[in-house]
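First comes the structure, then the notes that go with it.
Bear in mind these aren't lab numbers, they're just calculated from the coordinates by the rules spelled out. All of these numbers come straight from a predicted model, not from anything done at the bench. Methodologically, a virtual Cβ is constructed for each residue, glycine included, from the backbone with ideal geometry; neighbour enumeration extends over all protein chains shown.
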Amino acid sequence: MRFWDSSAIIPLCVAERRSGAVRVLAEEDGHLVVWWGTPVECASAFSRLRRDGIVTDREEDLIGGTLSLLGEAWTEVAPVEQVRRAAGRLLRLHPLRAADALQLGAALTWAGQLPQGHGFVCFDQRLREAAHKEGFGVLPEELPGS
């Protein structure tokens with residue numbers, strides 16, 4: 001199993017240049033682990049696509065349906081005190097935003113004391129660097145389009 005950042009869940013729901021790379025990883029993984037805020041972060045991204053005229057209202061509904069299907073099968077890390085403490089520590093060590101620190105804190109809570117051997121699927125460069133420094137194997141190894 002791998003921990004999936006919202007930036008990697010979104011291309012599973014919306015066709016974009018990164019979709020192929022994450023589909024391969026999702027098929028290899030077979031089971032996604034996300035943090036409690038992932039559905040909200042994804043809904044925010046989908047609404048932004050609609051407001052920007054990239055998708056229609058109907059397409060946003062279909063995309064949300066895809067997210068719901070994924071959500072039925074993934075494991076979700078709850079917003080527990082351990083996640084909050086980890087996020088606070090991460091904010092002191094890495095140049096992360098609050099939501100990214102919570103995301104990585106959830107991944108560390110899921111992985112336990114030794115994140116080595118666990119994957120972290122993400123497209124956000126700052127979060128990728130922090131996850132790597134914390135001991136995760138960051139995927140995809142190369143970012144599409146870079």
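Quick check on my filter: what residues within segment 93-116 are under 14 Å from residue 127 (Cα atoms) and more than 17 Å from the chain's Cα centre (by Cα)?
Residues satisfying the conditions are 93, 94, 95.
Looking only at segment 105-146, which residues are within 12 Å of residue 33 (Cα to Cα), touching a Phe, Trp or Tyr at 6+ places or on another chain (Cβ under 8 Å) and in a helix (DSSP H, G or I)?
The answer is 106, 107, 110, 111.
Quick check on my filter: what residues within segment 29-79 are under 24 Å from residue 117 (Cβ atoms), among the hydroxyl-bearing types (Ser, Thr, Tyr) and not in a helix (DSSP H, G or I)?
75
If you go through segment 1-34, how many residues are surrounded by 22 or more Cβ atoms within 10 Å (Cβ to Cβ), of a type in the set (Ser, Thr, Tyr) and more than 10 Å from the chain's Cα centre (by Cα)?
0
List every residue pair whose Cβ atoms sit under 9 Å apart, with the two residues 6 or more apart in sequence or on different chains, where the first one lies in segment 86-98 and is touching a residue at least 12 places away in the same chain (Cβ under 8 Å) and the second, anywhere, is among the acidic types (Asp, Glu).
Close Cβ pairs satisfying both conditions: 87/100; 90/100; 90/134; 93/134; 94/100; 94/129; 94/134; 95/129.
Check segment 35-50 and report whether any residue there is surrounded by fewer than 18 Cβ atoms within 10 Å (Cβ to Cβ), β-branched (Val, Ile, Thr) and within 12 Å of the chain's Cα centre (by Cα).
Looking for residues that are surrounded by fewer than 18 Cβ atoms within 10 Å (Cβ to Cβ), β-branched (Val, Ile, Thr) and within 12 Å of the chain's Cα centre (by Cα), one finds at least one in segment 35-50, hence yes.
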